[in-house]
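What follows is a short report on a single structure.
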Amino acid sequence: MKRQVLNRLLAPHISSGILWEILKLWMKGCKVVILDIPLLFETKMDRWTNPVIVVWVDPETQIERLMSRDGCSQEQAQNRINAQLVLDWKKSEADIVINNSGLLDDTEEQFQEVLKQVSEPLTWKERIRSRDGLLSIVLCTAVGVLLAQKNLL
């Protein structure tokens, strides 16, 4: 309960901070921005990301790793997991899934493959939403307005 209240209070501030950082990277011309957001769906930030990549792990491995990393009991680990949306549901909502149940090398290999995939040339819709596409639209609109004012169209 306390965690939910804390998340509700902090989520808007964290989300706006993330969006501000994305905007700064976009203005610098970054082509790919990778966000690590554990509560992506809970905070509804999945609406602003494309593609949504979920790093999935089987439940047994998830609990083992959480207990090992944080030195907590199985019950504490399970409670922490239960505080989030079910990972299988997140997996079903993802555009891309990385299976993290195996070795770190396997996960790294999958990540490199995903990185290649998201670095491919943009579709025309993605291009329009990109920094370069937006600048092209603004430039073409400005030229069109100037030509129209001069009755050259």
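The values are calculated or read from the model by the stated rules, or taken from the named source; none is laboratory data. Worth saying up front: this structure is predicted, and the values here are computed from it rather than measured. Here the Cβ positions follow ideal geometry from the backbone for every residue, glycine too, while neighbour counts run over all protein chains shown. What goes into the accessible areas is simple: the full protein's heavy atoms, side chains included, and nothing from ligands, DNA or RNA. Shrake-Rupley method; radii C 1.70, N 1.55, O 1.52, S 1.80 Å.
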Quiz item: Using θ = phi - 60° and the Karplus curve 6.51 cos²θ - 1.76 cosθ + 1.60, what whole-Hz ³J(HN,Hα) does each residue of the range 34-44 get, with Gly and Pro shown as x?
Solution: 9, 10, 10, 10, x, 9, 3, 6, 4, 8, 6
Quiz item: Among Leu115, Thr141, Gln74, whose Cα sits farthest toward the positive end of the charge dipole of the chain (+1 at Cβ of Lys/Arg, -1 at Cβ of Asp/Glu, about the Cα centre)?
Solution: Thr141
Quiz item: Considering amide H positions built from the backbone, and no H for Pro or chain starts, which residues 5 or more places from Ile98, or on another chain, come under 5 Å of its amide H?
Solution: Val54, Val55, Trp56
Exercise. Work out from phi, with θ = phi - 60° and the Karplus expression 6.51 cos²θ - 1.76 cosθ + 1.60, the ³J(HN,Hα) of each residue of the range 78-88, listed in order in whole Hz, and give x for Gly and Pro.
Key: 5, 4, 5, 5, 5, 6, 10, 4, 5, 4, 5
Practice problem: Pull up the cross-link candidates among the lysines for Lys116, meaning alpha carbon to alpha carbon under 17 Å and not fewer than 8 places away within one chain. | Solution: Lys31
Quiz item: P(r) of the chain in 5 Å steps, Cα pairs, percent per bin?
Solution: 1, 7, 12, 15, 16, 15, 10, 7, 5, 3, 3, 2, 1, 1, 0, 0
Quiz item: Sorted by accessible area with a 1.4 angstrom probe, largest first, how do Met67, Met45 fall?
Solution: Met67, Met45
Exercise. For Phe41, enumerate residues with amide H under 5 Å from its amide H, sequence gap 5+ or separate chain, H modeled in the peptide plane.
Key: none
Quiz item: Given a 1.4 Å probe and every protein chain left where it sits, what share in percent of the accessible area of the range 46-120 is carbon and sulfur?
Solution: 49 percent
Quiz item: How would Phe111, Phe41 rank on accessible area, largest to smallest, probe 1.4 Å?
Solution: Phe111, Phe41
Self-check item: Surface accessible to a 1.4 Å probe, per residue, for the residues of the chain, Å²
Solution: 77 Å²
